[in-house]
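Q: Structure incoming, see below.
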Amino acid sequence: MTSAPFDDRDGFIWLDGEMLPWREAKLHVLSHGLHYGGSVFEGERVYDGNVFKLREHSQRLIDSAKMLDMKIVTSLEEIENASREVLEANKITNGYLRPVAWRGCEEMAVSAENASIHIAFTCWEWPKYFFPKGGEDSGITLKTVKWRRPDPLTAPVHAKAAGNYAIGTMAKHEAMNAGYDDAFMLDHKGRVAESSGSNIFFIKDAIMKTPYTECFLNGITRQTVLKMAKDMGIEAIEATIMPDEIGDYEEVFVTGTAAEITAVGKIDDNNYEIGPLTKKMQDAYADLTRQKTASKNVA
Ligand SMILES: Cc1ncc(COP(=O)(O)O)c(C=O)c1O
């Protein structure tokens, strides 16, 4: 993976219908999306040339925009075509795809009814999201942070909206500054929620549990894992999980497009084994993401 800044790379970016040289894909400093959080995005992984769950991610981009009262005029089909075109232009067959839509410059105020909606697609190689501080075999470490997932009536919690990530960034910084890999976040009622950029599963007595998604994104990977478990005959349920019970679990993992299925070795003072069910789900997910039939991107 290159360490060049993201605005100074070779390649191409699809911006409002045009495939531009990477460094020329710019927006104005007075864009509404920058000042008032009028921006939604997606994160998708490409495996052997196919975007895993392309249809679901493309639809979520449109749905996220709707939740923010932003009208993306680009159709589902156009979004999928642009996704394929940018991957092809950059010759990415294994990597990460990032669509983003934002409000433009016609209005510089809280209201944005007249602001145009822009959309861009870019991609890059991104083999791994987590590099556990304790080494590859130790799992990541999570720290309970002060930042919480908000009440669904105070933020568009089910949208993949840039504004929601202000909380995630502060949460992750708090955890990393304390020497941990990521944040362990509760919701506004004190229930276990997720990490800064992934959902979470707990395992005990061969039963997998994951919190209800009332206050945060119902991840596509989370949904995939629940379905995979069902197909594999493993009991996997949604549940209310309270922080005082996390020490009772044997295995923990987080799920996300970028994180895939990443084992958790420690939350605060609780240690977990990277056990058989976590490994089984990781293997099954690796198989699924590389099956052409699992992806809607097959031309
Ligand atoms: C805050 C948050 N929760 C959960 C997820 C997992 O979502 P998905 O599995 O759709 O990538 C993500 C990643 O998109 C995220 O940013």
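Q: Can you pull out every residue in the range 159-171 that is open to solvent by 40 Å² or more (accessible area, probe 1.4 Å) and more than 12 Å from the chain's Cα centre (by Cα)?
A: Those that are open to solvent by 40 Å² or more (accessible area, probe 1.4 Å) and more than 12 Å from the chain's Cα centre (by Cα): GLY163, ALA166, THR169, MET170.
Q: Looking only at the range 181-193, which residues are touching a helix residue (DSSP H, G or I) at 6+ places or on another chain (Cβ under 9 Å) and closer than 13 Å to THR144 by Cβ?
A: Initially, the range 181-193 is screened for residues touching a helix residue (DSSP H, G or I) at 6+ places or on another chain (Cβ under 9 Å), giving 181-186, 190-192.
The answer is ASP182, ALA183, PHE184, MET185, LEU186, GLY190, ARG191, VAL192.
Q: Can you spot a residue in the range 287-299 that is outside the structural domain of SER83 (by TED's automatic domain parsing), over 30 Å from GLU88 (Cβ atoms) and within 16 Å of the ligand (Cβ to nearest atom)?
A: no
Q: I would also like to ask the following. Out of ASN199, ASN218, ASN271, ASN177, I need the residue that is within 10 Å of the ligand (Cβ to nearest atom) and open to solvent by 50 Å² or more (accessible area, probe 1.4 Å). Which one?
A: From the options ASN199, ASN218, ASN271, ASN177, the qualifying one is ASN218.
Q: Turning to a different aspect of this structure: Yes or no: the range 56-64 includes at least one residue that is among the charged types (D, E, K, R), more than 15 Å from the ligand (Cβ to nearest atom), modelled with pLDDT of 95 or more and not assigned by TED's automatic domain parsing to the domain that holds HIS158.
A: no
Q: Could you go through the range 254-263 and let me know if any residue there is over 30 Å from CYS123 (Cα atoms) and at pLDDT 95 or above.
A: no
Q: Where residues in the range 221-254 are within 15 Å of the ligand (Cβ to nearest atom) and basic (Lys, Arg), which of them is surrounded by the most Cβ atoms within 10 Å (Cβ to Cβ)?
A: ARG222
The values are calculated or read from the model by the stated rules, or taken from the named source; none is laboratory data. Model, not experiment: these values are computed from the prediction. Positions of Cβ are generated from backbone atoms using ideal geometry, with glycine treated the same way; all protein chains shown enter the neighbour counts. Only protein heavy atoms, including side chains, enter the accessible area calculation; ligands, DNA and RNA are left aside. Shrake-Rupley method; radii C 1.70, N 1.55, O 1.52, S 1.80 Å.
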